[in-house]
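Asks: Handing you a structure now.
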Amino acid sequence: MNVLVQGVLLGGFYALLACGLSLMFGVMRIINLAHGDIAVIGAYLVWVLVNQTSMPPWLAALLVLPIMWVAGYVMYVLLLERSRRAGQLVPLLTTFGLAIVIENVLLQIFSPDDHSLLSSTGTLATSSISFGGLTISIFGMLTLATAVVVLIGLQFFLSRTTSGRQMRATAEDPDVAELVGINARAVYAKATAIAVAIAGLGGIFLAIRQTFNPSTGPTQLIFAFEAVVIGGFGSPWGTLLGGIVLGVAQVIGAQVNPQYFVLFGHLVFLAVLASPRGGLLSRRGRTV
Amino acid sequence: MSLLEVGAVDAQYGLLKAVRGVSLSVDEGETRALVGANGAGKTTLLRVIAGAHRPAAGTVFFDGVDITRIPAHKRVALGIALVPEGRRLFPGLTVEENLSIAGGHRPGGGWTVERVLAIFPMLQQRRTQRAATLSGGEQQATAIGRALMCNPRLILLDEVSLGLAPKAVAAVYESLRELIGGGTTVVLVEQDLGRALSVSTRVTCMLHGEVVLEGASSALSREQITAAYFGVRASSGVGADT
């Protein structure tokens with residue numbers, strides 16, 4: 001039972017990492033291979049702010065999110081817009097290149113040393129409550145709650161706001177979206193901005209829950225990617241479910257043998273990939 | 001002055017030339033029928049006018065403004081709306097969302113979701129259903145309604161009767177009559193020659209990407225159009241070949 005709870009909490013973290021990836025794929029059919037590294041940028045930005053100005057981490061996080069938003073917008077306009085026009089495969093290569101560039105720039109600036117926000121967050125990351133034999137980490141709860149709030153927010157945005165409806169329409173048929181007056185390019189830029197901001201948020205949680213260094217990104221990308229695939233590409237609730245399934249599988253694996261932590265997650269991922277249905281929620285809410 | 005002025009437009013898909021040197025002039029308030037066999041370039045011409053296809057050469061003027069290089073979404077704001085071939089609704093969006101999404105880009109004109117539902121009563125009880133679940137006629141009504149929500153001065157209709165039951169076609173054209181009566185300029189592509197002639201004021205016939213015949217719908221005989229349609233060079237045909 002405890003294992004299950006730990007797995008669900010871990011799943012919340014993966015879901016948070018994954019929703020930006022899922023959004024970008026859902027809207028533009030772009031798989032952002034730099035997603036994990038972008039999350040790590042968020043982690044570094046908060047770390048720098050906290051260490052240079054000794055501001056509290058939550059304030060640093062509030063400052064970093066708009067920065068990431070703008071960075072996402074710029075990333076679309078400068079990189080993805082051009083590569084998207086060149087065909088389906090080119091954006092994949094572009095983000096792959098971007099991932100390498102980010103990792104090396106971070107390595108230049110911050111050295112390969114491990115960093116963490118653990119020491120600046122006081123007891124938040126380590127405290128837990130016991131509840132009838134269950135130990136529940138406060139920070140894990142906070143992560144899961146954040147993921148749920150972000151997903152609800154995303155769902156609300158997509159289904160209730162004009163901007164969100166335009167995003168869904170553009171995802172389904174960009175050609176016709178243009179014909180009803182929607183600027184598809186602006187919609188794509190906005191989707192990228194949202195995705196990058198959420199990745200940054202994920203990165204902040206990453207920085208608090210574990211140590212990170214310039215090469216942390218790809219592992220996070222793999223977990224996020226697995227969560228998205230398990231849940232079914234492009235469905236927000238599928239992403240949460242996928243994250244949770246992945247988290248539970250990893251925790252169960254670790255229970256069997258600490259070395260099996262990652263392995264069990266991969267096995268579930270492969271099993272879902274091989275299954276005829278694809279993702280768990282892949283048929284419903286196909287786009288976004 | 002004419003509302004729409006297409007000048008010597010060439011449009012191609014790769015090496016395939018779909019439209020060759022087509023010039024077209026449509027007056028405000030006119031209903032122009034575009035007829036021709038499959039592959040004559042009618043759809044491509046409409047897409048060029050709407051901005052969905054970039055022409056290789058030539059110009060498009062709308063209300064005296066050169067819009068050749070203006071992207072499609074800005075042309076909507078200027079007052080051009082296309083009902084694409086095959087309807088192309090957003091399948092995951094509800095009827096109401098499909099309509100409301102097209103609104104607000106060009107103020108004035110007064111088209112609202114309520115008004116569209118009033119002229120297409122069959123959509124009334126479907127408004128919260130996903131577009132994918134609609135029948136062909138309902139989808140076509142939604143597609144026309146979506147274009148109307150753009151408050152167009154010029155509406156381009158690409159084969160609105162394609163794949164519809166005769167009853168649904170009649171209903172769609174009944175609502176179009178209302179629209180045409182309201183003074184909106186219409187360019188429509190229609191396979192049914194009789195219907196095209198009865199609804200339009202002028203007719204343009206295309207063959208192999210070129211305009212081969214043009215005239216007032218009442219002045220042209222069916223035989224003249226049929227001849228142009230299939231490439232028999234009628235004596236009274238306006239030859240576009242050099």
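The values are calculated or read from the model by the stated rules, or taken from the named source; none is laboratory data. Because the structure is predicted, anything quoted here is derived from the model rather than measured. For neighbour counting, all protein chains shown are included, and Cβ atoms are generated from backbone atoms with ideal geometry for every residue, glycine included.
Asks: Are any of the residues in the range A:43-61 in a helix (DSSP H, G or I) and under 13 Å from the mean Cα position of the chain (by Cα)?
Replies: Looking for residues that are in a helix (DSSP H, G or I) and under 13 Å from the mean Cα position of the chain (by Cα), one finds at least one in the range A:43-61, hence yes.
Asks: Test each condition in (1) among the polar types (S, T, N, Q); (2) free of Cβ contacts under 8 Å to residues at least 24 places away in the same chain; (3) outside any helix (DSSP H, G or I) for A:Ser159 and report the one that comes out false.
Replies: The number of the failed condition is (3).
Asks: For B:Pro107, are the conditions met, namely being in contact with a Gly (Cβ under 6 Å, 6 or more places away or on another chain), more than 15 Å from B:Val35 (Cα to Cα) and in contact (Cβ under 8 Å) with a residue 40 or more places away in the chain?
Replies: Considered against the rule, which asks whether it is in contact with a Gly (Cβ under 6 Å, 6 or more places away or on another chain), more than 15 Å from B:Val35 (Cα to Cα) and in contact (Cβ under 8 Å) with a residue 40 or more places away in the chain, B:Pro107 comes out as no.
Asks: Of all residues in the range A:88-121, count the ones that are at pLDDT 95 or above and not in a helix (DSSP H, G or I).
Replies: 0
Asks: Looking only at the range A:61-92, which residues are buried (at least 22 other Cβ atoms within 10 Å of the Cβ) and of a type in the set (A, V, I, L, M, F, W, C)?
Replies: A:Ala61, A:Val64, A:Met68, A:Met75, A:Leu80
Asks: Would a scan of the range B:46-56 turn up a residue that is under 14 Å from the mean Cα position of the chain (by Cα) and away from chain A (no Cβ under 13 Å)?
Replies: no
Asks: Output the number of the condition that A:Met24 fails; it satisfies all remaining conditions of (1) surrounded by 20 or more Cβ atoms within 10 Å (Cβ to Cβ); (2) at pLDDT below 90.
Replies: (2)
Asks: Does at least one position in the range A:95-112 carry a residue that is among the β-branched types (Val, Ile, Thr), within 30 Å of A:Asp175 (Cα to Cα) and surrounded by 13 or more Cβ atoms within 10 Å (Cβ to Cβ)?
Replies: yes
Asks: Would you confirm, using the coordinates I've provided, whether B:Ala171 is more than 14 Å from every other protein chain (Cβ to nearest Cβ), at pLDDT 85 or above and more than 22 Å from B:Asp63 (Cα to Cα)?
Replies: It is false that B:Ala171 is more than 14 Å from every other protein chain (Cβ to nearest Cβ), at pLDDT 85 or above and more than 22 Å from B:Asp63 (Cα to Cα).
Asks: State all residues of the range B:165-191 that are surrounded by 16 or more Cβ atoms within 10 Å (Cβ to Cβ) and outside any helix (DSSP H, G or I); if no residue qualifies, say none.
Replies: Listed by number, the residues that qualify are B:Thr184, B:Thr185, B:Val186, B:Val187, B:Leu188, B:Val189, B:Glu190.
Asks: Checking A:Ile252 against (1) away from every other protein chain (no Cβ under 14 Å); (2) touching a helix residue (DSSP H, G or I) at 6+ places or on another chain (Cβ under 8 Å); (3) modelled with pLDDT under 75, which single condition isn't satisfied?
Replies: Of everything listed in (1) away from every other protein chain (no Cβ under 14 Å); (2) touching a helix residue (DSSP H, G or I) at 6+ places or on another chain (Cβ under 8 Å); (3) modelled with pLDDT under 75, A:Ile252 misses just condition (3).
Asks: Just the residues that are of a type outside the set (Gly, Ala, Ser), more than 13 Å from chain A (Cβ to nearest Cβ) and under 15 Å from B:Glu178 (Cβ atoms), please, taken from the range B:124-156.
Replies: Scanning the range B:124-156 gives no hits.
Asks: Scan the range A:123-137 and tell me whether some residue there is on the phi < 0 side of the Ramachandran plot and in a helix (DSSP H, G or I).
Replies: Within the range A:123-137, none of the residues are on the phi < 0 side of the Ramachandran plot and in a helix (DSSP H, G or I).
Asks: Something else about it: Quick test of your reading of the structure: B:Lys17 fulfils all but one of (1) in contact (Cβ under 8 Å) with a residue 24 or more places away in the chain; (2) under 30 Å from A:Met167 (Cβ atoms); (3) of a type in the set (Lys, Arg); (4) not in a loop (DSSP other than H, G, I, E, B). Name the failing condition by number.
Replies: Only one criterion in (1) in contact (Cβ under 8 Å) with a residue 24 or more places away in the chain; (2) under 30 Å from A:Met167 (Cβ atoms); (3) of a type in the set (Lys, Arg); (4) not in a loop (DSSP other than H, G, I, E, B) is unmet by B:Lys17, namely (2).
Asks: Does A:Thr192 satisfy the criteria of being surrounded by fewer than 24 Cβ atoms within 10 Å (Cβ to Cβ) and within 20 Å of the chain's Cα centre (by Cα)?
Replies: Judged against the criteria, A:Thr192 is not a match.
Asks: Within the range B:31-129, which strands (runs of 3 or more DSSP E) (wholly inside it) include 3 or more residues that are over 30 Å from B:Thr226 (Cβ atoms) and not charged (D, E, K, R)?
Replies: Answer list for the range B:31-129: B:57-62.
Asks: For B:Val60, all conditions in the list (1) crowded, with 19+ Cβ neighbours inside 10 Å; (2) within 12 Å of another protein chain (Cβ to nearest Cβ); (3) of a type in the set (A, V, I, L, M) hold save one; what is the number of the exception?
Replies: (2)
Asks: Another question, if that's okay. Considering only the range A:228-263, how many residues are aliphatic (A, V, I, L, M) and farther than 19 Å from A:Gln6 by Cβ?
Replies: Number satisfying all stated conditions: 2.
Asks: Let me ask something else. Report, ordered by the first and then the second residue, all pairs with beta carbons closer than 6 Å, sequence separation of six or more or different chains, a first member in the range B:72-85 that is in contact (Cβ under 8 Å) with a residue 60 or more places away in the chain, and a second member that is among the hydroxyl-bearing types (Ser, Thr, Tyr).
Replies: These pairs meet every condition: B:Glu85/B:Thr43.
Asks: Would you mention how many residues in the range B:79-91 are facing chain A (nearest Cβ under 7 Å) and either crowded, with 19+ Cβ neighbours inside 10 Å or under 17 Å from B:Pro107 (Cα atoms) (or both)?
Replies: Number satisfying all stated conditions: 4.
Asks: Let me ask another. B:Ala165 - would you say it is over 28 Å from B:Gly39 (Cα atoms) and modelled with pLDDT under 90?
Replies: no
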